[in-house]
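Here's the structure, in structure tokens; my notes come after.
The values are calculated or read from the model by the stated rules, or taken from the named source; none is laboratory data. These numbers were taken from a predicted model, which means no experiment stands behind them. Quick reminder, even Gly has a Cβ in these numbers, built from the backbone with ideal geometry, and neighbours come from all protein chains shown. Just so you know, the surface numbers come from the protein's heavy atoms only, side chains and all, with ligands and any DNA or RNA stripped out. Shrake-Rupley method; radii C 1.70, N 1.55, O 1.52, S 1.80 Å.
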Amino acid sequence: MRVINMGPDPSLAYRPNLKTNETKEKEGYRNFESGDLIDRVFNTYKLMHTHQTVDFVNQMNSVWTGCSHTKLGMMDAIMSLDQLVDESDPDVDFPNSYHAFQTAEGIRQAHPDNDWFHLVGLIHDVGKTMALWDVPQWAVVGDTFPVGCQYQNSIVFRDNSFMDNPDEKNSRYNTEFGIYEPNCGLDKVHMSWGHDEYLYRVLRFNNCSIPEEGLYMIRFHSFYPWHSHGDYMHLCNEKDLRLLPWVQEFNKFDLYTKTTELPDVDKLKPYYQSLIDKYCPGILKW
């Protein structure tokens, strides 16, 4: 695949769950309703919602989950995000690696005793390195959703972005349960391909020891229709419901830690390197 510049990372855009009567800082994340940005965001989601099909997801799983593309230490992977400036953010303009450290530090302050949680905050977006390896942005960033069953209304741009997706017209895929059994569990559901699923697979492939709660945060932090809108509960099992509050807790820090006050990365690196050495040490296969 060739690199396609699909514009900015839309993962913070269009959050209906953010309340307009909250703080001004949080309102800033809703500033995606005017100007040229809305067109760029929509175009990214339109391509995503056109091409993210069951066949495409199966293809990407086949290509990427064998982790045969490169070998890289986790800190180097984090710092590679310096090449991915989030141009969709109207308030700040800095490399994604700063967002990684900001998220981690926010979690560290609120949850000082869960060091694995700090690490999850640091690495949660590292799967975006795919965008540096010739994967188009619509297959890397943005909200995720299940393929192989009916698309729910809470998906961003649901009403006007799936018209050209062949699965939308496939009677096997466009029912409430589609190819799945009731309460089968999200482990058995094929999610649209992106940085969440990729990093989860990398961590599992390399036998990283991050607890189950942290792996769920990584795997489903972009699954907004589920963790913020309560959709797709008919596919969830007891494990999913037990871990959902952890994903929701993580989401607070993913959304609300972006500020123009940039962290001192060099000062923070030794602490986070110690966590990397503890939970996902050495050179990893990607």
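Can you tell me the equivalent ellipsoid semi-axes for region 109-207? Use √(5λ) from the Cα gyration tensor, largest first, whole Å.
29, 17, 14
Separation of the alpha carbons by more than 27 angstrom is noted, of LYS128/LYS269; LYS188/LYS269; LYS71/LYS128; LYS46/LYS269; LYS188/LYS285, for LYS188/LYS269; LYS46/LYS269.
For the peptides 43-51, 128-136, 167-175, residues were scored by their other Cβ atoms within 10 Å and the scores averaged per peptide; the highest-first order is 43-51, 128-136, 167-175.
Rounded to the nearest 20, the size of the Cβ-charge dipole of region 37-285 about its Cα centre is 600 debye, with Lys and Arg at +1 and Asp and Glu at -1. Measuring nothing but alpha carbons in region 37-285 and taking Rh as the Kirkwood radius, the Rg to Rh ratio lands at 0.95.
Taking all protein chains into account, the per residue accessible area for region 37-285 stands at 41 Å² (1.4 Å probe). Our coupling estimate for region 265-282, obtained by passing each phi through the Karplus curve with A = 6.51, B = -1.76, C = 1.60 and θ = phi - 60°, is 4, 4, 6, 7, 3, x, 5, 6, 5, 5, 6, 4, 5, 7, 10, 8, x, x Hz, Gly and Pro reported as x. Ligands, DNA and RNA excluded, the heavy atoms of ILE283 present near 120 Å² of accessible surface to a 1.4 Å solvent probe. Report, to the nearest whole %, how much of the accessible area of region 37-285 belongs to carbon and sulfur atoms, 1.4 Å probe, protein only. It is 46 percent, rounded to a whole number. Our summary gives region 109-193 a relative contact order of 29 percent, counting only alpha carbon pairs under 8 angstrom and 6 or more residues apart.
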